[in-house]
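Beneath this line is the structure, given in structure tokens, with notes to follow.
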Amino acid sequence: MPIPPLKADADPIKEQATTNKRCMSVITVPLGCLVSCFLLYASLALASFLQALLVGYTAAFLRAYEYIRTRQPATRPPTTDHRPPATRFRLPPPYSNMGEQTSTRNSSIIVSLEARQAKLFISRKRSLLVVDGICVSASSNCLPTGKNCLLHVRPETETSELSEDVQSLARGLVPESEQLRLEKGSWANIDGQVLLVVRVDRNIELNRKGQRLLECEAILQVRSKDDASLVGVQSSMESLEQEMTFVNLKSERHRIFAHWLVEIFGKERLCNGAGVLDVAGGNGEISRTLHKLGIPSTLLDPNPRCEKDAPFGVLAYPLDGDGKTLTDREDEVGKTISRCSIIAGLHPDQATEPIVKLALRLDVPFAILPCCVMPKLFPDRKQKRHGDPVRSYSAFCQYLLDMAPTGTQFQFRVDYLDFIGRNKVIYSI
């Protein structure tokens, strides 16, 4: 095909420029659209990120504000740990040597402590002095002699002849060579045999290391261990111990708990339905004591250690979750558990929380004495107040108390039994 001749007035350079412009427009228009779409997407993503960041900081600020607004006041008494007035259950005769049927007694004891080390936590609002020492003399029911313990001295602690603030007391106990360690918040050694005579709360708990924690209510004297002026104090301590003698044998804890159930709930209420459900009772001492008192009881334990001809019912099943797998059974196991009058557990370990859940689902009262926390076995337990994992005994008790439903008839309460060990009772009415 022949090539058409160029026009006479046509300029090849202008024709080439026009062609180049058309080609560039074909390329730049789609590219501009792509760049515009990318910028729009980037702006939307940035806006979403800033919005999420703003929402997160706002939520964190609101949580911090709620925590500051609802946290406990600086003063210790009164506390908000659901603790009732200082009453302890005392086992009636023949197990008690008191000779009286009252269950009310003094909530404090006098302890003489040989101080070894001291640590000072300084705060503008509330300082704390921790004294590490050995118990020299105290009521053997609560604190055996020779045991290591930690004494917590707070600003509201009563002092008779001492300085008014905690920091002055700490500097008076520690020699000059250890003052720098004390100011840095480290353990400072106490030279010599310094003896502290203090009045502490009878409710003594253990920390993770097994050390006993003493909450100091009043400091009576600070003297040398061989000071003769302590003779009067020692004699007064002995007379106080004689007045406050009570059952403390660990082997009696099952009988003490059984009698406590009768005193709190009454025999008639315990006999309703299938009677008491004793969860994780092991050898069945609680059920055996209740049987002697004329109260029906059933032991629920995956590995019962009682005799085969026990005078009470025995169910060799574990209690998991809220116990629905057991109550849904159509045999005697499901009927017995569903018709129980109360669910009780003395140091039930893994079954502690399931007891509370089962009682709430069946709408029956419960009574438990928590013991082992087992944080590795239950890592999902979180404290209701600030979301920290439940790792200590006190946090576990508070976790159980926080399970109380709001707006219902259930009321969770706390009591203490008179025996050595973890004697805190959490129960519902």
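Some notes on this structure:
- Fewest-first ordering of TYR393, TYR317, TYR399, TYR41 by other beta carbons within 10 Å of each residue's beta carbon gives TYR41, TYR317, TYR393, TYR399.
- Each Lys and Arg Cβ is given +1 and each Asp and Glu Cβ -1; about its Cα centre, segment 322-429 then shows a dipole of about 340 debye.
- Å³ per residue enclosed by the Cα convex hull of segment 251-428: 117
- With a Förster radius of 25 Å applied to the C-beta separation of VAL29 and ALA52, the computed FRET efficiency comes to 0.10.
- Too-long pairs where the Cα-Cα distance tops 25 Å, listed order kept, from LYS308/LYS424; LYS357/LYS382; LYS308/LYS376: LYS308/LYS424; LYS308/LYS376
- Model label sites at ALA42 and GLU268, defined 7 Å from Cα along the beta-carbon direction, differ in position by 8.2 nm.
- The slack between PHE378 and THR406, meaning 0.36 nm per residue of separation minus the straight C-alpha distance, is 7.6 nm.
- Between the listed residues GLN383, ILE264, TYR416, the Cα displaced farthest toward the positive end of the dipole of segment 251-428, a dipole computed from Cβ unit charges relative to the Cα centre, is found at GLN383.
- Among beta bridges that DSSP assigns inside segment 251-428, antiparallel share in %, nearest 5: 35
- The stretch between ASN189 and ALA17 holds 52.5 nm of extra length on full extension. This uses 0.36 nm per residue minus the Cα-Cα distance.
- Since only TYR399, LEU300, ALA310 are under comparison, the one whose Cα sits farthest along the positive direction of the charge dipole of segment 251-428, derived from C-beta charges on Lys, Arg, Asp and Glu, is TYR399.
Read-outs: derived from the displayed coordinates by stated rules, not from any lab. What you see is a predicted model, and the numbers here were worked out from it, not measured in a lab. Note: ideal-geometry Cβ built from the backbone for every residue, glycine included; neighbour counts use all protein chains shown.
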